1. Given the criteria of a type in the set (D, E, K, R) and under 30 Å from B:GLU243 (Cα atoms), does B:LYS181 qualify?
2. What residue, among those in the range A:8-31 that are outside any strand (DSSP E or B) and not polar (S, T, N, Q), is farthest from the chain's Cα centre (by Cα)?
3. The conditions are (1) free of Cβ contacts under 8 Å to residues at least 40 places away in the same chain; (2) facing chain A (nearest Cβ under 9 Å), and B:ARG173 fails exactly one of them. Which is it?
4. Yes or no: the range B:273-293 includes at least one residue that is acidic (Asp, Glu), surrounded by 17 or more Cβ atoms within 10 Å (Cβ to Cβ) and either free of Cβ contacts under 8 Å to residues at least 12 places away in the same chain or touching a Leu at 6+ places or on another chain (Cβ under 8 Å) (or both).
5. One residue is enough: does the range B:92-101 have a residue meeting the conditions free of Cβ contacts under 8 Å to residues at least 24 places away in the same chain and within 14 Å of chain A (Cβ to nearest Cβ)?
6. Pairs please, first residue from the range A:29-53 and within 25 Å of A:LEU352 (Cα to Cα), second anywhere and basic (Lys, Arg) and not in a strand (DSSP E or B), Cβ atoms under 9 Å, 6+ apart in sequence or on different chains.
7. Could you grab me the full set of residues in the range B:110-132 that are in a strand (DSSP E or B) and either within 9 Å of chain A (Cβ to nearest Cβ) or among the polar types (S, T, N, Q) (or both)?
8. Taking the stated definitions as given, is B:TYR54 more than 14 Å from chain A (Cβ to nearest Cβ), within 29 Å of B:ASP144 (Cα to Cα), crowded, with 19+ Cβ neighbours inside 10 Å and out of contact with any Phe, Trp or Tyr (no Cβ under 6 Å at 6 or more places or on another chain)?
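The values are calculated or read from the model by the stated rules, or taken from the named source; none is laboratory data. This is a predicted model, so every value here is computed, not measured. So basically every Cβ, Gly included, is an ideal-geometry build from the backbone, and we count neighbours across all protein chains shown.
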Amino acid sequence: MKQLFIKGGRVIDPSQNYDQVADVLIAEGVVEKVAPGLKAPSAAEVIDAGGMIVAPGLIDIHVHLRDPGQEYKEDIHSGTRAAAAGGFTAVASMANTDPVGDDPSMIGYVRKKASGAASRVYPLGALTKGLEGIEMAEMGRMKLAGAAGFSDDGKPVMNGMMMRNALQYAAGIGAVVIVHEEDAHLSAGGMMHEGTVSSVLGLRGIPSAAEEAMISRDLLILKITGGRLHIAHVSTAGSVELLRRAKAEGLNVTAEVTPHHLLLTDRLVKNSGYNTNTKVSPPLRTENDRQALWAGLLDGTIDAIVSDHAPHHPDDKDVEYDFAPCGIAGLETTLPLLLDEAASGRVKDFNLPLLVDKLSCAPARILGLPGGNLKSGSPGDITIIDPDRDFIIDPDKWYSKSRNTPFAGKRLKGAPVYTVTGGEITMKEGVVAERAARG
Amino acid sequence: MQTLRRKDILGLEEISAEEINLILETARSMREIMQRKIKKVPTLRGRSVLNLFYEPSTRTKASFELAQKYMSSDSVSVAGSSSSLVKGETLKDTVRNVEIMGIECVIMRHPVSGSSHYLARNVEASVINAGDGMHEHPTQGLLDMFTIWEKKGRLEELKVVIVGDIRHSRVARSNLWGLQKMGAEVVVSGPPTLMPPDLDVFGVKYCHDLEEAVEGADVVMALRLQKERQESGLFPSMREYSELYGLTPHKIARAAEDLLIMHPGPMNRGIEISSDLADGPRSVILEQAASGVAVRMALLYLLLGGTKEQ
């Protein structure tokens, strides 16, 4: 019987309000026991986690693996290795591949290719066929094939009736609908947040209203349909306020935010001299929005943090601003960036238990995934973190095929040191296991 | 000899009043060269310049090319349509391939805002922005200021009104920054849908009513109106625009006696400006075109002159 014994770390499991120095025993790929002063079984592999944080494996529920169709940007192999390197034990992959993941065979393709990969992959299916927002995709058949939820992410569903029907239908099969909220008419041609900076730079703007108008619409639709709505990458102060009110009213809605929206603003587009790594959808907003996102994260309005890992080949970004695709690659930066925030004390009350909740427990809850806790019988997925480790963001050392980050060169405090998935070590000291196969 | 201590001219937002003064003073001596019978000085002999135009241009391209000829530099001009862009070559590759042939300065016009910043980062040659998307057109701003300065003898405390599509105009942005740095007061007018969001960031006043905007103005500048703005729903019709915001003798009645009337060209006669104003005694529209050569000679001289061999 294969056993892994993680000794003497500070075990943080917010799902059980557990935060104390303890040992973790994993056997046959699942958590067997968490308690202080356990005795390591003689056959167990032992990790000394003294001075480290031991957390339920981090889960990134918003990742673009680009596979199939754009394997030159990323594929399931490189993307899951990037995930393991970044401390993630599982990712949910978006359906905007080529061909689009709108069919059970596509869900099967991702699951098959991901079996034995460096992290678990939960494929999300498309909400509408071809992401066109016109006809409902076969959500029921995709769910039977293993789809973890449904989303047209990358594109909004512009037709309100389509959204109503999709939400209502998804409720019937117990599936979560994840929405990319953007009124495509209000955002048409936009390259960055609309405001003082876009005016000065002469770049077409994407007003906050483009996001807020669609969130408003979908919250109103949710009142009619019921079901489970999850709002992807919230970026504006107004969106946070809409969600806060909706949650107060008891609507069944959850939301996520990315590290780049929490840490950067539209000023960076100017200060970087139109660096295309600042081009992302939704766009980097203002300082006021950034502050509101943190407030929303801390008061529970925003449930989870996701990377929205959107890898692009360096050539794709090495062009004029208008011609560059949107996206920031985040699997290998998300955890260190947030650890550094927690360590710095820049955001009052943003501590390690909250970080673990937002990156592990909440994502598992939102999609109903196994994991996100260390209860006995849960998957043996663990992220071990050294909160004092010096870490420099160096895209040239990434496992991802991409290099697109506006954080390159940033010096941080805190990094993952072990990633364990199903009881197997997938990453140790930044090095991903050569063959990170899982049973 | 004074030179500009910078590699590139990307926009007037980042250029100081002292630098603008130096450029204007230099342009004045360049204009003197243009008035000679033999318009040629050896200042830039042996220096190589690339004119790279990804958008059509008459005035800017002609005046850059003439400026180069008058200063004896060697230059090549590549137009967007005939360049490798259509074959899918990147901007970076195109310019690097020409740079290796010995180019020291690239003049670029490009439809995308920020492309001159991108280019400047990627080449050792000096880059002069000849208009990038909706961002800036610094040499136009400079030639407009030069024209005003020559006519009025100063820029400070003049009231300049810019009318029209400020939102999509790189000419307007360069003028807003430049004129205010030189102490002029700038007022903009036009339909609200053609104003940039958060206009306050430029520090200018907005006045919807054109007659009121030009009250006591020393300069009024009309911007070119593009048909596609109406097609994209920003205002109802060309005739309504013309009636509300087109420059006519009646609408500028409350301006100063010695008002200067300007237009960066190309003009839509009868839309943003009436022909009697465009061709009238107060118009300096043709002087603007002439100033363009002097200002561009000055910039080439200040960026390239006096270095290397000399």
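1. Working: of a type in the set (D, E, K, R): yes; under 30 Å from B:GLU243 (Cα atoms): no.
In short, no.
2. Step one: filter the range A:8-31 for residues outside any strand (DSSP E or B), giving A:14-17, A:28-29.
After this cut, where a residue has to be not polar (S, T, N, Q) as well, the list is A:14, A:28-29.
Numbers: A:PRO14: 18, A:GLU28: 27, A:GLY29: 24 Å.
Among them, the one singled out is A:GLU28.
3. Unmet condition: (1).
4. Step one: of the range B:273-293, the residues acidic (Asp, Glu) are B:276, B:279, B:287.
Next, from what is left, pick out any that are surrounded by 17 or more Cβ atoms within 10 Å (Cβ to Cβ): B:287.
With the extra rule that they be either free of Cβ contacts under 8 Å to residues at least 12 places away in the same chain or touching a Leu at 6+ places or on another chain (Cβ under 8 Å) (or both), the set shrinks to none.
The answer is no; no qualifying residue exists.
5. Scanning the range B:92-101, I find at least one residue that is free of Cβ contacts under 8 Å to residues at least 24 places away in the same chain and within 14 Å of chain A (Cβ to nearest Cβ), so the answer is yes.
6. So the pair list comes out as A:VAL31/A:LYS375; A:VAL34/A:LYS375.
7. Filtering the range B:110-132 down to residues in a strand (DSSP E or B) leaves B:110, B:126-132.
Passing the criteria: B:HIS110, B:SER126, B:ASN129, B:ASP132.
8. No; evaluated as a whole, the condition is false for this residue.
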